[in-house]
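Notes follow the structure.
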Amino acid sequence: MPSPHDTIHHESEDPRPHNIVSVLARRPFSVIEAQLSAFLETLPKGMTAPPPGDFAAQLQWDSWQSHKQELEAELDEAIEAELAGSDLQFAFSGAPVVEHDIAAGFLGAFISKAQSLLNALAQATEQRATERGQLTTTLVEDYRLLVSGTFASSFGIKFRLHTASELGRLRVGHTGEVLDQFCGLLDAQLDSAELVKTLTSPRVKGRYYELVELVAKEDAKVTVRTKAKRSGVRLNAKQARDRVIWMDSLTESTSTLQLAGILTGGSIATNKFELQVGDEFFRGHISPEAKSQIKELKMGESVVAEVVETTFFTEEARIEGQATYFLKSIIKETSR
């Protein structure tokens with residue numbers, strides 16, 4: 001068991017009590033997170049409990065756990081305070097940031113591309129494009145980013161969406177789901193199998209490529225946080241370059257399937273369907289035409305459906321399990 005002096009020196013680095021942090025004395029999220037990360041690195045690897053019967057080790061373990069909990073509580077409070085009044089936050093570091101200033105050209109380009117990606121995700125999720133492929137006015141209003149402030153970081157900026165009262169109508173969009181998708185796309189930990197699920201829309205794929213290419217070219221690092229993803233997701237320049245290379249090698253093949261099965265699930269509100277054909281299930285999004293048709297059907301009915309299957313390949317290898325399905329049309333199966 002390491003000596004208490006191996007790690008407890010962290011207590012003396014900040015003499016303030018960690019469990020009593022006033023609003024005026026609150027430290028920035030980034031500072032607390034860095035201290036917590038550094039503290040966790042000092043703990044014995046793989047240790048989940050002190051040796052049985054070792055009183056000194058138990059005291060040391062309790063001290064470690066107490067300090068960890070205090071830092072986590074302070075971090076949680078700081079995140080809550082920094083997220084107040086915002087729906088989406090970006091923290092930047094890397095080449096575009098000098099001390100706490102950021103290159104205006106990079107920031108402007110990033111915000112513009114982030115807004116375009118957010119709109120594309122909203123359109124893909126809500127299936128509300130016009131006949132010419134343009135975004136509907138209400139969708140643009142629902143997902144318009146408004147700058148709501150900055151926060152302590154290398155450079156941190158807050159955004160919010162319009163409230164229902166500002167829109168003058170009841171919000172009927174899927175903003176929570178769309179923001180989650182946006183965060184997922186900027187999460188370096190997201191694997192390729194999950195990534196392609198979101199990139200099935202050509203508009204989303206194109207806007208996403210532009211955004212990660214900018215991060216790669218400008219040698220930047222970005223952290224994204226929302227109320228649902230309080231700890232944030234991160235993407236640095238190298239990871240962004242890897243994404244660009246991966247997308248350059250990504251190809252797809254489509255085919256149209258004529259399926260007879262049972263309508264077992266789905267939602268008009270979320271534009272999704274589930275169809276059972278034998279022992280196999282097909283799930284995906286719904287076209288506007290199929291959306292109107294499915295309103296006339298009941299769950300459990302036998303149906304005939306036209307489904308577009310898209311299979312993704314990278315470097316000539318199929319991405320296993322990631323064929324996606326798009327319901328073009330669906331009607332009740334007539335008796336033979």
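The values are calculated or read from the model by the stated rules, or taken from the named source; none is laboratory data. Computed from a predicted model, the values in this text were never measured in an experiment. All Cβ positions, glycine included, derive from the backbone under ideal geometry; neighbour counts span all protein chains shown.
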> Does THR223 satisfy being in contact with a helix residue (DSSP H, G or I) (Cβ under 7 Å, 6 or more places away or on another chain), in contact (Cβ under 8 Å) with a residue 60 or more places away in the chain and not aliphatic (A, V, I, L, M)?
Replying inline: no
>> Of everything in the stretch 312-336, what is in a strand (DSSP E or B) and either at pLDDT 80 or above or within 23 Å of SER267 (Cβ to Cβ) (or both)? Give them in sequence order.
In response: THR324, TYR325, PHE326, LEU327, LYS328, SER329, ILE330, ILE331, LYS332
> What are the pairs, 6+ residues apart or on separate chains, where a residue within the stretch 56-68 that is more than 11 Å from LEU43 (Cβ to Cβ) and touching a residue at least 12 places away in the same chain (Cβ under 8 Å) has its Cβ under 9 Å from a residue that is aliphatic (A, V, I, L, M) and surrounded by 13 or more Cβ atoms within 10 Å (Cβ to Cβ)?
Replying inline: ALA56/MET1; ALA57/MET1; SER63/ILE8
> Within the bounds of the stretch 161-180, is there any residue that is under 28 Å from ASP248 (Cβ atoms) and either at pLDDT below 85 or buried (at least 19 other Cβ atoms within 10 Å of the Cβ) (or both)?
Replying inline: yes
> Considering only helices (runs of 4 or more DSSP H) fully contained in the stretch 51-152, which possess at least 3 residues that are among the polar types (S, T, N, Q), under 21 Å from THR226 (Cβ atoms) and in contact with a Leu (Cβ under 9 Å, 6 or more places away or on another chain)?
Replying inline: 104-126
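Scan the stretch 269-291 residue by residue and report those that are outside any strand (DSSP E or B) and either loosely packed, with under 13 Cβ neighbours inside 10 Å or in contact (Cβ under 8 Å) with a residue 60 or more places away in the chain (or both).
Residues satisfying the conditions are ALA269, THR270, ASN271, GLY278, ASP279, SER287, PRO288, LYS291.
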>> Let me confirm something: among LEU259, LEU211, which residue is outside the structural domain of GLY176 (by TED's automatic domain parsing) and either farther than 18 Å from ALA188 by Cβ or buried (at least 16 other Cβ atoms within 10 Å of the Cβ) (or both)?
In response: LEU259
